[in-house]
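What follows is one structure encoded as structure tokens, with my remarks underneath.
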Amino acid sequence: MQQTISENFIYNLSDTLSISCILYTSKVKILLNMNNPQVTKAFNSQVGTSEAIRLLNINNNCSASNNNKWNQWLAGLIDGDGCFLLTKKGYASLEITMDIRDEHALQIVKNVYGGSIKLRSNANALRYRLHHKSGLLKLINHVNGHIRNSNKLIQLNKICEKYQLTLIYPDKLNYDNSWLAGFFDADGTVTINKVNTQLSISISQKTAELLQPLVELYGGNIYIDKGSSNSFKWYITKRENIINLVEYFKNYPSRSAKNNRLHLIPKFYSLKDLKAHKALSGTNLEKSWQYFFNKWLNYENKINY
């Protein structure tokens, strides 16, 4: 029996999607009228209801590709983990390499522009590669004017010259910019120091070029991390700054597996205020802390997001 999907089912979908749905007893067939063949292929199949909802939610993220939040996030991701390539024979491409736990983030990018995702030889990382012209030009149109890494700007400029496009330089970074969310997804960490139970958010880079504006906008400090090939690290430990960042990520969401830990931060402070981390063994507070910490460590053990 054919019927239209209820508003409750698709409340978070973009109005630009044309969707019809055929409901079966245990299966849902979703027919999408979309320009991207990668997405159409994924959705033009019979899937379980829960899987259908998951795919629709993923596409909801993708449908944001025409707004500034998406463009800024993607530019931040590329500034951290991506590179534009132009071979001597004139073949242009984009590559983004991320932890295997972040397949979800790469899949969102793939659903918008096409391309491929493959496991790297070390089996701990995934590489997204985009080389077909239409998808690459679409992506360049979205991130041009938002790329901030000087090396990536040089790379992008070479491809712009190839396609006779004008490179656009970014405006000064401001607080309400989704670029940090993408940059964090690429090179950020959220950790709890086991010695003093202090929570910190940090981003590492080979130079301080992209980190200095973060201090001015979001607080924190920069130091040279001698234990990591003398790289620079921006980090924040003050509770006020971290809570402000949590609020920032509510408006400009992380799309990597690190988002799991960001959601746990308010619970961390709530339990710490109760001194649950110092509670006697066997008490309810101690059990609550262990339950929380097991969820926190789940990020480190998770290989698929």
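Read-outs: derived from the displayed coordinates by stated rules, not from any lab. Because the structure is a prediction, the values reported are computed rather than measured. Methodologically, a virtual Cβ is constructed for each residue, glycine included, from the backbone with ideal geometry; neighbour enumeration extends over all protein chains shown.
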| Which ordering of ILE147, ILE168, ILE236 is given by a fewest-first count of other beta-carbon atoms within 10 Å? | ILE168, ILE236, ILE147
| remark: Per 5 angstrom bin, beginning at 0 and ending with the bin that holds the maximum distance, the Cα pairs of the range 233-294 fall in percents of 4, 16, 23, 21, 16, 12, 6, 2
| note | Other residues with Cβ under 12 Å from the Cβ of LEU285 give, with Lys and Arg +1 and Asp and Glu -1, a net charge of +2
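If you filter the range 220-282 for trypsin sites (Lys or Arg not before Pro), then keep DSSP loop positions with at most 15 other Cβ within 10 Å, what is left?
On the way: sites: LYS226, LYS233, LYS238, ARG239, LYS250, ARG255, LYS258, ARG261, LYS267, LYS272, LYS275, LYS278; in loops: LYS226, LYS238, ARG255, LYS258, LYS275.
Sites meeting the loop and neighbour criteria: LYS226, LYS238, LYS275.
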| Residues LYS172 and TYR223, FRET efficiency given R0 of 30 Å [Cβ-Cβ distance, rounded to 0.05] | 0.80
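Would you mind giving the average projected area, over all directions, of the Cα convex hull of the range 162-305 in nm² with one decimal?
Details: hull surface 45.9 nm².
Orientation-averaged projected area of the Cα hull: 11.5 nm².
Apply 1/(1 + (r/R0)^6) to the Cβ-Cβ distance of LYS267 and LYS138, taking R0 = 51 Å, and write down the FRET efficiency to the nearest 0.05.
Details: r = 39 Å, r/R0 = 0.77.
After rounding to 0.05, the efficiency reads 0.80.
Using only the alpha carbon atoms of the range 65-111, find the Kirkwood hydrodynamic radius as the inverse mean reciprocal pair distance, in angstroms to one decimal.
11.9 Å
Please compare each pair in LYS89/LYS133; LYS194/LYS278; LYS69/LYS206; LYS194/LYS267 to a cut-off of 24 Å on the Cα-Cα distance and tell me which ones are over it.
Cα-Cα > 24 Å for LYS69/LYS206; rest within.
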| task | Would you mind ranking PHE268, PHE84, PHE184, PHE293 so that the residue whose beta carbon has the fewest other beta carbons within 10 Å leads the list? | result | PHE293, PHE268, PHE84, PHE184
| request: Give the Debye-formula value of log10 I(q)/I(0) at each listed q (0.10 Å⁻¹), with one equal scatterer per alpha carbon of the range 93-250, two decimals each. | output: -0.44
| Can you pull out the trypsin sites (Lys or Arg not before Pro) in the range 81-127 that DSSP calls coil and that have at most 12 other Cβ atoms within 10 Å? | LYS88, LYS89, ARG120
| query | How much length, in nm to one decimal, is gained on full extension between THR237 and ALA125, taken as 0.36 nm per residue of separation minus their Cα-Cα distance? | reply | 37.5 nm
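Beyond 17 Å, what share of the Cα-Cα pairs of the range 192-240 is found? Please give it as a whole percent. Before the final figure, lay out the partial values.
Working: 422 of 1176 pairs.
It works out to 36 percent of all Cα pairs.
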